[in-house]
């Protein structure tokens, strides 16, 4: 299949560019630090003692520094939401890059793990070198107390050693709990271990401040390799032997004074601290802002509706809450679990006529089943209570709103929205916004494809779809909305029988959609346009759509792919 | 909080710990550290733990995602029966394997990580979990609907041949008009 350059450039180009740039910075940092320790004059004696282990460990440390500062940045949800919303400041290219923030976080995390392995291995070699090559000439340079000291004692007795071991353990716990499998099966393990990053950063500050590696501070007065009358034979031999190689042509200099060594802290470490302190402070500030915002504003539950196929619709009211269509919120219910926050896409946004906002939640795991039980419990008393006391809903806290790729639907002239099952929720909000006022948006045509396994699922938004269709028909725009419903479960005879849903039943097809035909149809009807493709559903569908977006022969239609993910 | 599957996390930890153990062993042997014999043991133990932990267990409820190419490992691990099924055995095995790593510098980290994994396995065993192999499901052969049991063996019943032939004198009783005239004994 031929790869269309225009689509590929729009879909993959910026992402790969940023990746290249990030890899280049990492390589540059590694190389620069490596060469500094390999051939820098102030590290001459240290390099002689430790060899290549010194260079590799310090170079990997600088890469680790860089990535530890960067890894927190994609997790500033409020900042990213703000950037997404400020359409005058950032272009669509930048906003689409913000969709990839989680991927970038994972890339930084994996780099941290890989380079930690390199760093630890190099330092193990250094420990042995410190022990075996104990230097009597420059006692200030040593970490060991005597020649041949057990390297394990060195680890336990030095601050960098102990903090290093603790850091590896914390990283081990965080890394092993972050695989896809664990996130899907027990999200709590992932969440609680990942919050150990606070401990990680505190220990990291101490690790850097250790000061085990020293540099020579008086290089001008004592050029490395110079001879001294009282020096032992070791240095004299070395200096004599390397005279030709390192100081080619230069006469053997005499030292004016003894070599002085100083640990790096505090001068050198300042700029390391700077990166980490800035990112930590920003993260704490953002966390505090979100915490205050979510706990001070009271949330009232207005109504709870139970839908078929284990879906519960929750309508809430909160003052000063102004989300945009397509955004999501984090719900926290202290009666179920104090520390868990679960993301749900908003299905209804507050408008001028109706101030409530709503979410549809599918009851799948233990949190949602407990929460829906609390919401739907019927009062058991037989007497008729007044309206106020009849329903006691649990308190909830709402954190958000946070941005998601689905906000871009309105910024294309033609959009294709593909939803799988409960993944229809971001698009439900879009449809609701169109129902309120479709004229204010740039969007001219919307293709809506909804694939479900169960026929009853279509009833979640059947009224909304039919209502929107009616509205557009009355406004003389019948071609604005193209709906295709697919039922992937082909067993048995199924159809939507109700008269008022005739619009949907005539668009219901049994079987899986044929994406190629759909794309061909869209291409033919919208030539030379830029079509936004939005997918919220299972991996199989999103992969198929992604490939089709990038392969686009012959016509000038470009398909820009936007994927919505949660966990 | 709901039922947490400890075994899944313990499996990831043990796999990572096995890799760390083996890497530490390689560094120890390559650098010829003091006590490099323990490093050799570290490599062997690390590889063994990786092979044992590679096949994922089937989840109690929900879909299990298996690792790439884990089927042959599943078959090997399944062959050991209750030894590999029981998580108490695994917990004690990992604890025993990790102890020699503590005697040598390069394998100390592997020892600690494998020790943590062993503790989590103990927790999983106390919660009553056990290892289940993920075996490929054989698709049941596509069954046609129940109403079609067998195709009919016999043709539909017809009257005997004498009654089938249209008699010329009974043309009026015939249900349709013949396109050609019917003559007797044709």
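For the reader, a short list of remarks on this structure follows.
- FRET efficiency estimate (nearest 0.05) - Cβ-Cβ, residue B:48 to residue A:262, R0 51 angstrom: 0.60
- Put in order of Cβ neighbour count within 10 Å, fewest first, the listed residues B:59, A:32 become A:32, B:59.
- For residue A:41 and residue A:28, the difference between the fully extended length at 0.36 nm per residue and the C-alpha to C-alpha distance is 2.6 nm.
- Among A:316, A:49, A:20, sorting on how many other beta-carbon atoms sit within 10 Å of each Cβ, with the fewest leading, yields A:20, A:49, A:316.
- Just so you know, the Cα atoms of the protein assembly as shown work out to an Rg and Dmax of 35.2, 147 Å.
- Residue A:217/residue A:183 FRET efficiency (R0 60 Å; Cβ-Cβ; nearest 0.05): 0.75
- All Cα pairs of region B:6-127, percent lying beyond 23 Å: 30
- As a length-normalised measure over Cα pairs under 8 Å and 6 or more apart, the relative contact order of region B:6-127 settles at 38 percent.
- Shielding by partners, peptide B:105-117 (average Cβ within 10 angstrom, other chains): 4
- Distance between the modelled labels on residue A:303 and residue A:442, one decimal in nanometres: 3.6 nm (7 Å Cα→Cβ projection).
- The Cα center of region A:129-143 and the Cα center of region A:445-474 differ in position by 76 Å.
- Using alpha-carbon coordinates, inclination of helix A:270-296 to the longest axis of chain A, degrees: 30
- Segment residue A:463-residue A:491, extension gain: residue separation times 0.36 nm, minus the distance between their alpha carbons: 7.5 nm
- Ascending count of other beta-carbon atoms within 10 Å, so fewest first, for A:19, A:318, B:104: A:19, A:318, B:104
- With each label modelled as a point 7 angstrom along the Cα→C-beta vector, the residue A:514-residue A:205 pair spans 6.3 nm.
- Region A:14-28-region A:339-364 distance, computed between alpha-carbon centres (Å): 38
- Nearest-0.05 FRET efficiency for residue A:527 and residue A:475, computed from C-beta distance (R0 41 Å): 0.95
- Tilt relative to chain A, helix A:425-436 - C-alpha long axis, 0 to 90 degrees, to 10: 50
- Cα gyration tensor shape for region A:421-549, rounded if a/c is under 1.5, else prolate or oblate: oblate
- Gyration tensor (alpha-carbon) shape descriptor, region A:472-522, a/c threshold 1.5: oblate
- For chain A, the longest principal axis of the alpha carbon atoms and the long axis of helix A:233-246 meet at an angle near 70°.
- Label-point separation, residue B:64 to residue A:9 (7 Å along Cα→Cβ), nm: 4.9
- Beta bridge orientation in the protein assembly as shown: antiparallel %, DSSP, nearest 5: 45
- Fully extending the segment from residue A:369 to residue A:17 would add 122.4 nm, taking 0.36 nm per residue of separation and subtracting the current Cα-Cα distance.
- For chain A, relative contact order (Cα pairs under 8 Å, six or more residues apart, normalised by length) works out to 13 percent.
- Distance histogram in 5 Å bins (all Cα pairs of region A:5-163, percent per bin): 1, 8, 13, 15, 14, 11, 9, 7, 7, 6, 4, 3, 1, 0
FYI, it's all coordinate maths here, none of it is from the lab. Predicted, not measured: the structure shown is a model, and the values here were computed from it. Using ideal geometry, Cβ is built from the backbone for each residue, glycine included, and neighbour counts are taken over all protein chains shown.
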